[in-house]
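A.B. asks: Take this structure, written in structure tokens, and hold onto it; I'll ask about it next.
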Amino acid sequence: MVVVESSAVPTKEQYRKNPAKYRRQRREYYELNRRKSQIAVRKWRKKNRERHRAYQRNYYRKHREKAQDYQKRWYRENRKVIVKRAGKWSKRNPEKRKKIRRQWEQTLKGRINKQKNTAKRRARTKTGGTLTDQQWQRKLKRFDYRCARCRRRRKLELHHIIPLASGGRNVIRNVRPLCKSCHIKTHRELKAKTARVSARKR
Ligand SMILES: [Zn+2]
């Protein structure tokens with residue numbers, strides 16, 4: 001009897017003895033039958049959702065940086081489709097969407113992000129302000145394109161000295177350039193200060 005080396009699924013025993021060989025075999029098979037394999041993989045994932053998730057979590061923990069890089073690249077390359085799909089999902093699940101947003105706004109990053117968006121929206125609609133881009137460019141030049149707080153040359157953000165939310169105006173004397181980290185720090189301190197003031201009033 002001639003024993004033909006089977007390319008079919010190995011037994012556990014076979015796999016344990018020579019995992020590299022079977023892994024290589026599987027990869028080759030996958031490459032040769034791409035379409036078919038993808039469908040099979042998708043089917044398996046659907047049927048074994050929990051196991052697939054556990055596997056992903058485990059992989060992420062082990063290869064954090066690689067996984068993040070991959071995710072970033074994937075997002076960049078598929079941005080349009082992802083945004084569109086997310087929009088559709090939001091429309092179908094308004095309650096879930098609200099819940100996720102509320103949770104996000106309770107995190108530090110989420111709070112800062114929300115403030116930023118509010119400030120941006122206000123600046124766009126110019127709440128009683130006259131700030132022009134030309135004025136802002138001149139201010140940047142006067143600061144030698146450095147952060148007004150740490151004096152480092154970093155990407156600069158527009159900071160309102162008196163926040164728009166506290167009645168500050170969107171005018172040139174109420175703004176200064178801050179780097180991202182100083183901007184975050186400044187707002188954190190501002191918030192702590194207002195919390196102290198309102199505690200004293202009580
Ligand atoms: Zn800075």
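A.B. asks: Search the structure for amide H atoms under 5 Å from the amide H of residue 168, placed 1.01 Å from N in the peptide plane, and list their residues when 5 or more places away or on another chain.
C.D. replies: none
A.B. asks: Report the gain in length on full extension from residue 16 to residue 78: 0.36 nm times residue separation, minus Cα-Cα distance, nm rounded to one decimal.
C.D. replies: 18.5 nm
A.B. asks: What is the Rg over Rh value, at two decimals, for region 2-101, using alpha-carbon atoms and the Kirkwood definition of Rh?
C.D. replies: The Rg/Rh ratio comes out at 1.09.
A.B. asks: Taking only C-alpha pairs under 8 Å that are 6+ residues apart, what is the relative contact order of the chain in percent?
C.D. replies: RCO, the chain: 11 percent.
A.B. asks: Additional query: When ranked by the protection proxy of mean other Cβ atoms within 10 Å per residue, highest first, what sequence do the peptides 158-164, 94-100 form?
C.D. replies: 158-164, 94-100
A.B. asks: So, one more: Calculate, in nm to one decimal, what residue 181 and residue 53 gain on full extension: separation in residues at 0.36 nm each, minus their alpha carbon distance.
C.D. replies: 42.6 nm
A.B. asks: Let me ask something else. How long are the semi-axes of the equivalent ellipsoid of region 105-201, taking √(5λ) for every eigenvalue λ of the Cα gyration tensor, in whole Å from largest down?
C.D. replies: Equivalent ellipsoid semi-axes, largest first: 22, 17, 13 Å.
A.B. asks: So, one more: Considering only Cα-Cα distances, which of the following residue pairs are longer than 26 Å: 72/180; 96/180; 46/72; 72/155; 12/43; 72/139?
C.D. replies: Listed pairs above 26 Å: 96/180; 72/139.
A.B. asks: Quick one: Karplus J couplings for region 149-156, per residue in order, coefficients 6.51, -1.76, 1.60, θ = phi - 60°, nearest Hz, x for Gly and Pro?
C.D. replies: 9, 9, 6, 7, 8, 9, 4, 9
A.B. asks: Mind pulling the angle between the C-alpha long axis of helix 108-125 and the longest principal axis of the chain? Nearest 10 degrees, somewhere in 0 to 90.
C.D. replies: Taking the Cα atoms of the chain, the angle to 108-125 is about 50 degrees.
A.B. asks: Per 0.36 nm of contour for each residue apart, how much would the distance between residue 44 and residue 99 grow if the chain were fully extended, relative to their Cα-Cα spacing?
C.D. replies: Answer, rounded to one decimal: 16.7 nm.
A.B. asks: Could I ask something else about it? How far is helix 133-142 tilted off the main Cα axis of the chain, in degrees rounded to 10, range 0 to 90?
C.D. replies: In the chain, helix 133-142 runs at an angle near 90 degrees to the longest axis.
All of the numbers you see were taken from the coordinates with simple rules; none came from a lab. Just so we're clear, the structure is a prediction, and the values are computed from it rather than from any experiment. Neighbour counts are summed over all protein chains in view; Cβ atoms, including those assigned to glycine, are modelled from backbone coordinates with ideal geometry.
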